[in-house]
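Some notes on the structure that comes next.
The values are calculated or read from the model by the stated rules, or taken from the named source; none is laboratory data. Computed from a predicted model, the values in this text were never measured in an experiment. Neighbour counts are summed over all protein chains in view; Cβ atoms, including those assigned to glycine, are modelled from backbone coordinates with ideal geometry.
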Amino acid sequence: MTEIRTPRLLLRRWYDHDFAPMADINADPRVMRWTDDGSVRDLDHTAEAIEQWEEEWDEEGFGLFAVELLASGELAGFTGLSVPEFLPEVLPAVTICWRLGSQFWGQGYASEAAHATLEFALQDRGLDRVISINRVGDDASENVIRKLGMVPERETTHPVYGCPLRVHTIDLTEFQA
């Protein structure tokens, strides 16, 4: 089982008992504002998504980690790696992404988890390049992306939702562990 420990977090695979707390995160309009069309997700959709994330682990050797707080055992959300099939123009590529519950914002958890995930991608999984895709205007994600050392590569439009997207990139030669 793949796990990563940071000073405050455990990045791990998913358990059945994660479905309800992740569904609570996905049901928050503030959290989902910058995702796809901004719609919230229910428990059934969340369970289906987690099952897909686990399948990606089996197929690709990477996926989305559940992010657990070491101090309390609470599920804070996810971070991880995914193939961005929704945006064919960037393929082949692997993207780093994250989503945390709003009660966990502003405490550096996203940056801590994303940095550990990027190190995992470039050093453990042997990827030579990772991208990040975010909606233009999502300043909190832009801040995390900058902290990772990623640089803007292009702007494009979401092929389904029509919203402006920004693609950032980093390669192994630029990464500072």
Condition check: more than 15 Å from the chain's Cα centre (by Cα) and either not in a helix (DSSP H, G or I) or not aliphatic (A, V, I, L, M) (or both). Does GLU89 satisfy that?
yes
Tell me which residues, restricted to the stretch 119-143, are in a helix (DSSP H, G or I) and within 16 Å of the chain's Cα centre (by Cα).
GLU119, PHE120, ALA121, LEU122, ASP139, ALA140, SER141, GLU142, ASN143
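For every residue, the table says whether it meets (1) free of Cβ contacts under 8 Å to residues at least 12 places away in the same chain; (2) touching a Gly at 6+ places or on another chain (Cβ under 8 Å); (3) surrounded by 14 or more Cβ atoms within 10 Å (Cβ to Cβ).
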site	(1), (2), (3)
MET32	yes, yes, yes
ASP36	no, no, no
ASP42	no, no, no
THR46	no, no, yes
TRP53	no, yes, yes
TRP57	no, yes, yes
VAL67	no, yes, yes
ALA93	no, no, yes
GLN107	yes, no, no
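Which one of these is within 17 Å of PHE175 (Cβ to Cβ), touching a residue at least 40 places away in the same chain (Cβ under 8 Å), in contact with a Leu (Cβ under 6 Å, 6 or more places away or on another chain) and surrounded by 22 or more Cβ atoms within 10 Å (Cβ to Cβ): ALA113, ALA76? Full working, then the answer.
Numbers: ALA76 fails: within 17 Å of PHE175 (Cβ to Cβ).
None of the other options fit; the residue is ALA113.
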I need the full set of residues from the stretch 116-135 which are exposed (fewer than 14 other Cβ atoms within 10 Å of the Cβ) and free of Cβ contacts under 8 Å to residues at least 40 places away in the same chain, in order please.
ASP124, GLY126
Within the stretch 146-166, restricting to residues that are surrounded by 14 or more Cβ atoms within 10 Å (Cβ to Cβ) and either over 17 Å from CYS97 (Cβ atoms) or not hydroxyl-bearing (Ser, Thr, Tyr) (or both), the one that is nearest to the chain's Cα centre (by Cα) is LEU148
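Taking the stretch 4-20 as the region of interest, how many residues are surrounded by 11 or more Cβ atoms within 10 Å (Cβ to Cβ) and part of a loop (DSSP other than H, G, I, E, B)?
Step one: list which residues in the stretch 4-20 are surrounded by 11 or more Cβ atoms within 10 Å (Cβ to Cβ), which gives 4-6, 8-15, 18-20.
After this cut, where a residue has to be part of a loop (DSSP other than H, G, I, E, B) as well, the list is 6, 8, 13-15.
Final tally of qualifying residues: 5.
Let's see how each residue does on (1) modelled with pLDDT of 95 or more; (2) under 22 Å from LEU10 (Cα atoms); (3) assigned to a helix (DSSP H, G or I); (4) not hydroxyl-bearing (Ser, Thr, Tyr):
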| position | (1), (2), (3), (4) |
| --- | --- |
| GLU55 | no, yes, yes, yes |
| GLU59 | no, no, yes, yes |
| PHE65 | yes, yes, no, yes |
| GLY73 | yes, yes, no, yes |
| GLY80 | yes, yes, no, yes |
| PRO84 | yes, no, no, yes |
| ALA93 | yes, no, no, yes |
Give just the number: which of (1) at pLDDT 95 or above; (2) of a type in the set (A, V, I, L, M, F, W, C); (3) touching a strand residue (DSSP E or B) at 6+ places or on another chain (Cβ under 9 Å) does ALA23 not satisfy?
(3)
